[in-house]
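Down below is the structure, laid out as structure tokens.
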């Protein structure tokens, strides 16, 4: 009968677990100062082509832009701390200084500009549909009576229903990748969100030739780099870095490397509009 | 193999059982074959979708193992925090004072009546709105808070049932040697009840582990189920990822269940105290108002 | 004070929760009874299947099972539950299917422990009358077993009511999905949470009380 030993052991394990988490909590507070040789950048980790965690580190267009900008600001790749920035959390992360800037499919809108500032834009995306290669959807009307897949609570699906296809049906999942198997098998007819995100999926080796973009341009999304509200100094530096990235051809190289296989008809680099 | 429910099969019954077996087996094989055929047809059995799990150890080190660690962390924290809280409420429900008993009962019944998911959604939003907890750990806090609120109230019932299962003589003997009520509880009743409750507590851990998956799906905690999304974003193999993760849950929980059963047997064999050993099933029956469970070695086949 | 509720179909969402609960409860009762029958049957293969089913399903998170009905059964296997063109109906039926598959395992276990409480003499008497296994089970054992497990069944039903919230992960527009939508768009977090908590207390507490009373009424006096 060694229950007393079991109890003692679990008590030790308990204490260890508690101290471990306590330490984990403490070590977070040091980030966000910037300039101290380290930089923390907010990104997406589950969007192939834009920001995706892979066994070889993070990959994607947003990551390439972030790396380039960080380099221009004087940080090497080893000085970057990556941090997941879920869509809902982006304003909070910047406000609290948990990250120095965010490169995560972050559209510049007036509503968001009340809480944060932007640099850029560095990319112009459109809301679009991802459909099977053999299907044809030429306008929003074609979408009526079709089954549309999107992410729970996302505005893009609501947008389509309201403006183009009131009779379209909506299947909602927690993430875009859950929609893909349904799209592949025909259980849903289209997946809607920004064309850059869709191109990322279409460009994946396993899906090549199966999906295509409908090319509908349902909206304009100017991707900016989110920064703390009113930080004009950082904004100027990032804008200069983005301009240099476009001028020296790295921008186009990054776009082609990440979206190339999708035959994505991307827009040329947008003019930088966010100043002061 | 002998059961009270049916006679030992004679020649005709044996033949009939063989027919049943063959028909049932045929049905199982048909369903299995259909499933495999459809999966192969839809390309879900392609080597490319499964290969990463066996040939690329980095799948495990990048996605699955850290996520499994997060699942275990949330579950362990939840259990560790819920236990003392549950003990307090369980003992409070047995108090002699109505003003202690009443509120404790109300709290326990309230949190048992509300879905864990609702508790998690609430705590996540609560921490976001009213506190300054970093967004790194907030999902963990939300998941653990939701689990603690619910499981503490379940464990309160476990503790209460454990103490009630002790013979009345224990309390009376303690009173006879002049122990006060608090001393009786801490020195006599709780130590014996804890041994009796251990298997039920481990069984509750299975429930906690399963419920962490809710945090991944709805609150964004980076646990095992959540890792499917990141992983399949890269390998484009969402169905195989789901199957692998489901198997991991089954293995993990099966180990916990077996541990609970082993612990139950051990406690029963080596017991010096006089209380019963509570298993999860008996516990459910103790909670309900039905007749006392009679489980005296009757065979069920 | 309650004007933020405008534009949200609160009662509709809870109605979906109730429907999910009722359909799944009936389904789990039937499938769970069949499973329990298999677990005590004379055919070894059925016993094996029954216990394998229960042990696997009980150890998988419900979230995975529900997601699998939508992504696996519907999207991959093309099982659309007779609603290929109506996504709303389809996810609802799939959610019911997932809930039934999961809770039947618990119903089966409750019923099996109920079968254990029926005295051996009952089965022996039935057999000596010449009844076959199915007759022993359906005429003598199960009616008594059901009466003794009303309490544990009530616990399964309450758990089921609460677990319908998991259907939110495949977009069934029930209470939890509405709540997550509301707390994202509205500021009254505490009030909204209180409303939903109250809604669930209203659903689960009477279930427990009524079935507790029923279980006392129908219990076999021995």
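Scanning region A:38-61 for residues that are touching a helix residue (DSSP H, G or I) at 6+ places or on another chain (Cβ under 7 Å) and either within 16 Å of residue A:125 (Cα to Cα) or not in a strand (DSSP E or B) (or both) yields A:38, A:44, A:45, A:47, A:48, A:49, A:50, A:51, A:55, A:60, A:61.
Evaluating residue A:157 against the criteria (1) touching a strand residue (DSSP E or B) at 6+ places or on another chain (Cβ under 6 Å); (2) modelled with pLDDT under 85; (3) more than 14 Å from chain C (Cβ to nearest Cβ); (4) in a helix (DSSP H, G or I) leaves one unmet condition, (3).
Here is the figure for region C:176-191: residues that are closer than 23 Å to residue C:21 by Cβ and either outside any helix (DSSP H, G or I) or more than 8 Å from chain B (Cβ to nearest Cβ) (or both) total 4. Of all residues in region A:182-192, those that are at the interface with another protein chain (Cβ under 7 Å from one of its Cβ atoms) and buried (at least 24 other Cβ atoms within 10 Å of the Cβ) total 1.
Conditions (1) facing another protein chain (nearest Cβ under 9 Å); (2) buried (at least 19 other Cβ atoms within 10 Å of the Cβ); (3) not in a loop (DSSP other than H, G, I, E, B), marked per residue:
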position	(1), (2), (3)
B:101	no, no, yes
B:104	no, yes, yes
B:107	no, no, yes
B:121	yes, yes, yes
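Of all residues in region A:62-84, those being within 18 Å of residue A:122 (Cα to Cα) and not in a helix (DSSP H, G or I) number 1.
At least 2 residues being in contact (Cβ under 8 Å) with a residue 60 or more places away in the chain is the threshold, and among the strands (runs of 3 or more DSSP E) wholly inside region A:164-276 those reaching it are A:190-194, A:211-213, A:220-227. A search for C-beta distances below 8 Å between a residue of region C:127-140 that is more than 8 Å from chain B (Cβ to nearest Cβ) and part of a loop (DSSP other than H, G, I, E, B) and any residue that is modelled with pLDDT of 90 or more and surrounded by 18 or more Cβ atoms within 10 Å (Cβ to Cβ), counting only pairs 6+ apart in sequence or on different chains, returns C:131/C:140.
Taken as a whole, the structure leaves residue B:177 outside the set of residues that are on the phi < 0 side of the Ramachandran plot, free of Cβ contacts under 8 Å to residues at least 60 places away in the same chain and within 14 Å of chain C (Cβ to nearest Cβ).
Only a single item in (1) closer than 23 Å to residue B:214 by Cβ; (2) more than 10 Å from chain C (Cβ to nearest Cβ); (3) modelled with pLDDT of 80 or more is not met by residue A:174, and it is number (2).
The values are calculated or read from the model by the stated rules, or taken from the named source; none is laboratory data. Being a predicted model, the structure only gives us computed values, none of them experimental. Virtual Cβ from ideal backbone geometry, glycine too; neighbours counted across all protein chains shown.
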